[in-house]
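Please treat every number below as a calculation from the coordinates, not as lab data. None of the values given here were measured: they were computed from a predicted structure. Every residue, glycine among them, receives a Cβ derived from its backbone with ideal geometry; neighbour counts consider all protein chains shown.
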């Protein structure tokens, strides 16, 4: 089992009247944590939803590969986990019932499920709350449960759309630890964020602004190329241009 | 086409848990059918009853007998404080709504009138509701004829001899007539509203996206989401049938398997409608409004209340497209007449054709909307 590599080639997408993405190119290397950074309305969500297969590009291609083997969109979908920006769990189902529902959706063998859910509950510290309905969880715990449901399937590509919005600093730290804990050889992570301090935690950042990809690279490289010390300066400079 | 039992089971368990934990859902699923059954079984009846009736005549044997027989029939009631022998203005009684039907004898009394053969007996009716008045007229004529015959009068040249035979529903009992239709109407309402809302809820809260990106197929989402309501629909049919037979004593002359076949076909068509609605709405509220919009004409053109034969040709083709129509005539035929085989299969065939078309449309729409 190896992580997935995703490549976006000259992708354009219109959302309603707005041109959300303009000929975007990006390479998301396998096994790394990628951050798509940019201000609100930069096209981050559109890009993530395109990668998740929820949208189809107007122009350009998105390709997925596992080591050297190219995967079709539907093959990739099977091993992709998507964590949307809007909370989307069933408020009247408990944490455990959520995991059981997703077990059936993913068609996981019971033994694997038992081990996996135990591991996830422990890692998230959610074991004491497993009988609590999702609607009664705090914001941070709710996000953790959402993440658990996605991770249950052991995705090879994890897409997180602004996972830390509306979460307190402690929970934010915990979410990051979780993501890093599960990322690695077996999982590529692509997340979007508008918190610039989070960008420096990624192995690779992709700077998106106004639907255009400004730059990609390690945080250090990008900062050097833009001659800045803080990511927010990119957008401040770009906007004033 | 990919349907895994495991995934469907997952959906089934999830939906049932959600229904059980949501009191509104339980209320909608069980309260609507039970309430409707009781209402139509007990309260709402098109049978003409409680007719306030006065016999105006000088005291006599016939007058007395007429009144006694009328009251004894159960259709008529006495008007308190009115003595038939002392009424001066019979028309006033009707005009003032004190009485609905007044039978007026000539001044010489009923005996004289009946002896003459041609009987100038007057019947005053409040005909603001023409249909009801016609029925009352029928009742009164029948009673007069019976009383006259019993007392040895020959009425061959006078009053119309009524000979009416009612088949299958001897007492024109509305309950027996309505409950088979309710099986369809209640179930359809619940499936359309609750099923449609369950689908819309998934969209509204964004969980539908989770299902789309999960490895399960479009068919699994579609069947998984509707299967629990299909089972619930069949349970509702059973519940209403039970209330009807045990609670209201309606005759059950057909076979259970016929009910089951019809119920299955019809539940599928109802859920296909719910699916279709869910593809055009985004929120539960919209789903609710869309189902209400759909239900009104669907019920009116189903033959539940108005016979399809009475509907002008222009609109009748809408009835023939309505899955409820076939189910209503079929259930009535199964329960009251014992379900004539040819008639049963004919309706089932049409119902099946409509269900297949609806399902295909729902599938196509659902799939294209999800992608």
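Observations on the structure shown:
- Shielding by partners - mean other protein chain Cβ count within 10 Å, residues of A:49-55: 2
- Label-to-label distance, nm, for residues given as residue B:13 and residue B:134 (7 Å Cα→Cβ offset): 6.0 nm
- Remark: C-alpha extents of the protein assembly as shown on the principal axes read 122, 51, 49 Å, sorted largest to smallest.
- Here segment A:1-80 was treated as a single set of alpha-carbon atoms; its pair distances binned every 10 Å from 0 give 17, 53, 26, 4, 0 percent.
- Burial order of peptide ranges B:9-16, B:309-316 (average beta-carbon count within 10 Å, highest first): B:9-16, B:309-316
- Chain lengthening between residue B:83 and residue B:6 when straightened (0.36 nm per residue, less Cα-Cα): 20.1 nm
- Inter-probe distance in nm under a simple model that places probes 7 Å from Cα toward Cβ, at residue A:23 and residue A:75: 3.1 nm
- Inter-chain shielding of B:14-22 (mean C-beta neighbours from other protein chains, 10 Å cut-off): 4
- Dividing the radius of gyration of the alpha carbons in segment A:90-153 by their Kirkwood radius gives 0.93 for Rg/Rh.
- Between B:108, B:67, B:209, the Gaussian network model of chain B with springs among Cα atoms under 10 angstrom shows the greatest mean-square fluctuation at B:108.
- Dividing the convex hull volume of the alpha-carbon atoms in chain B by its residue count gives 174 Å³ per residue.
- Computed over segment B:233-371, the alpha-carbon pair-distance distribution with 10 angstrom bins reads 11, 36, 36, 15, 2, 0, each value a whole percent.
- Normalised by residue number, the volume inside the convex hull of the Cα atoms of segment B:51-150 is 91 Å³ per residue.
- Working ranking of peptides A:147-156, A:89-98, B:142-151 by packing, defined as the average number of other Cβ atoms within 10 Å per residue, highest first, is A:147-156, A:89-98, B:142-151.
- The alpha carbons of chain A give a radius of gyration and a Dmax of 17.9, 57 Å, in that order.
- Multiplying the residue separation of residue B:68 and residue B:367 by 0.36 nm and removing their Cα-Cα distance gives an extension gain of 100.7 nm.
- Residue-averaged beta-carbon neighbours from other chains (10 angstrom radius) around B:198-208: 2
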